[in-house]
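A quick write-up on the structure given underneath.
Read-outs: derived from the displayed coordinates by stated rules, not from any lab. Computed from a predicted structure; not experimentally measured. FYI the Cβ positions are ideal-geometry reconstructions off the backbone, even for glycines, and counts take in every protein chain you see.
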Amino acid sequence: MVRTGAELVIEALKAEGVEIIFGFPGGVVIPIFDRLYGEESLRVVLTRHEQGAVHAADGYARSTGRVGVCLVTSGPGATNTVTGLATANFDSVPLVVITGQVSRNMIGNDAFQEADIVGISRSVTKHNYLVTDRRDLGRILREAFHIAASGRPGPVLVDIPKDVLLEASEEPLPDTVSIRGYNPTTRGHPLQIRKAAERLAKARRPLFYIGGGLVISGGSPSFRRIVERTGVPVVSSLMGIGAFPTDHPRFLGMLGMHGTWAANTAVQHCDLLFAVGARFDDRATGDLRTFAPEAKVVHIDIDPASISRNVAVDVPVVGDVRLVLEELEGCLAAPSIEDWVAQTEEWKRSHLLADTPDDGRLSPTRVIRELCAAFPDAIYTTEVGQNQMWAALYGTFREPRQFLTSGGLGTMGYGFPAAIGAQLGNADRRVIDIAGDGSIQMNIQELATAVHEGLPVIVAILNNGYLGMVRQWQELFFERRYSSVCLMRNGRCPRGCAKPGDQCPPYVPDFVKLAEAYGAVGIRVTAPGEVGPALERARGVTDRPVFIDFLVEREANVWPIVPAGKGIDEMLMDA
């Protein structure tokens, strides 16, 4: 059957079971959008910025486990996706991003809205393609979805010139995918799995360290059974939160720069660190020279490049985490670790996370606790900064894919569009974005998207008038020189002033008025007693987004914190 390239793109998307496309049209991709006009099986969500489109596709993918799809035009449309691609690439999120390109005869001639997006995105994608022959288009699209979802997942970019979209051909869409040289290992080596089991059985102070790979693989049920059987305590990376219930007795918390006392101390005293789908990034390990000094290391990961890259591994197991854990269950013997468990429980009891004091002001940690208590089954996204760390430390998350955050890249502006994508992928659940007043403004234009799609996303803004995490570092390590972090500062402020005074407005912008201007609901909370009623009011809104502006204590800090370059046993617990 003869079809244009644009028609084949639509056929490929339908063959892959795609239901939602996040995108923004432009000149060279009009042929694709034209074919989408009236197409009932594909829902197009028009975002207000291409970065918002990629983050929304990312949130959809993380929350559903399916491949997220994004469609944008050439030039600035394509370059606006780069931050979203890098965010997804760091955190192993399966995306297919289709970009338009100028016609083949114009490539390299500085044509209008031309950009070498394949070259630009090479370091922030799992793979990318420039389609130079219409006959290859079907194969490339099939390969893109296969690569994005298999092995260690990641974003794949497909750049399609305009004339390829218009060219007709009889070349069909392939039924199968076969890529020479690309065969990810999914089954762990039986001998290595037995060695891992033996190490665990002999250990006297074992510790599980879980990461995002446990979430991605779907291995949480197996892992929970292993913990119940062995009693081994668990620490988590930021990306692993939710893979194991954060309120489980054996869960010690997140490790690393903002890790709990119990988690970091357990890492430093364990004799076996059993890593499951984690990559030992620098925010988790701190100074590698002092990290887990007494421990042998077992590491399960589907990506062989992640094993022994940062931390030397004694027993590597390359394979899909879920499949490896299922094999591990069959050869596991419980270790004798009663004293070790008692010790970790004592560390946990003696260093409970304390709420930042209200002192008549609104505590951000109290907001997090009340939010999670009011909406225990919601899907939570975060922005990046203090809001993200408070959510990770004080939130309660009992299942995988319930906590979505930008871990590796740390992208401000991620949470709100990701919440939109998650809400579209999970219509039967509430989705809540925990934000800061700085980060929410990075992609606030997507409020129009949420309103027009009728999405009841709740955005909880922890509004302290600062770029909070940078301000905290300036307070602790730069003698309180608050340089360019006060979001109320204006041209009338005296040089050297960085603390709001009587002459400052109470907030900039007015998020309640802003929400209402877009057609959303705006609520302001200024005191602890107002939190519960505000959440109940938000619960009752089911046809549009809600912005709740929590005016929290301005200089509240995230504790614990490990100073840069220090070991994770060198935590600062308070000021």
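Table for the structure above
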quantity: Within region 170-304: Cβ-based charge dipole about Cα centre, in debye rounded to nearest 20 (Lys, Arg +1; Asp, Glu -1); calculated: 800
quantity: Region 364-551: radius of gyration and largest Cα-Cα distance (Dmax), Å; calculated: 16.3, 51
quantity: Scattering curve values for region 475-575, log₁₀ I(q)/I(0), Debye with Cα scatterers, q = 0.13, 0.23 Å⁻¹; calculated: -0.73, -1.16
quantity: Intensity falloff of region 111-153 expressed as log10 I(q)/I(0), Debye formula with alpha-carbon point scatterers, at q = 0.19, 0.24, 0.29 Å⁻¹; calculated: -0.70, -0.95, -1.06
quantity: Size of charge dipole - the chain - debye, nearest 20, with Cβ of Lys, Arg +1 and Asp, Glu -1, no other charges; calculated: 740
quantity: About the Cα centre, charge dipole magnitude for region 8-154 (Lys/Arg +1, Asp/Glu -1 at Cβ), debye; calculated: 300
quantity: Anchor LYS202: aspartates and glutamates whose Cα lies under 18 Å away (excluding residues fewer than 8 positions away in-chain); calculated: GLU228, ASP271, GLU294, ASP314, GLU329, GLU338, ASP339
quantity: Those chymotrypsin sites (Phe, Trp or Tyr not before Pro) in region 1-80 that DSSP places in a loop and that have at most 13 other beta carbons within 10 Å; calculated: TYR37
quantity: Pairwise label distance in nanometres, THR176 with GLU294, each label 7 Å out on the Cα-Cβ vector; calculated: 5.4
quantity: Hydrodynamic radius of region 404-507 per Kirkwood, over alpha carbon pairs, in Å; calculated: 15.5
quantity: Charge dipole (the chain, unit charges on Cβ, about Cα centre) - positive-most of PRO316, LEU157, PHE397; calculated: PRO316
quantity: Least to most buried among HIS146, HIS189 (fewest other Cβ within 10 Å first); calculated: HIS189, HIS146
quantity: Which listed pairs, of LYS195/LYS348; LYS348/LYS566; LYS14/LYS162, have C-alpha distances above 24 Å, in listed order; calculated: LYS195/LYS348
quantity: Reduced Cα scattering model of region 190-350, Debye log10 I(q)/I(0), q = 0.20 Å⁻¹; calculated: -1.38
quantity: Antiparallel bridges, percent of DSSP beta bridges restricted to the chain (to nearest 5); calculated: 5
quantity: Helical contribution to [θ] at 222 nm, DSSP H n ≥ 4, -39,500 (n - 2.57), averaged over the chain, rounded to 500; calculated: -9500 deg cm²/dmol
quantity: Farthest positive-ward along region 440-575 dipole, Cα basis, beta-carbon charges - from GLY532, VAL552, VAL508; calculated: VAL508
quantity: Residues with amide H under 5 Å from that of PHE280, placed H, sequence gap 5 or more; calculated: none
quantity: Cα-based radius of gyration of region 502-558 once divided by 2.2 N^0.38 Å, which approximates compact folds; calculated: 1.25
quantity: Region 111-141 and region 26-78: distance between their alpha carbon centers, rounded to Å; calculated: 16
quantity: Principal semi-axes in Å for the chain [√(5λ), Cα gyration tensor, largest first]; calculated: 38, 33, 20
quantity: Distribution of pairwise C-alpha distances over region 3-169, 10 Å bins, in %; calculated: 12, 45, 37, 6, 0
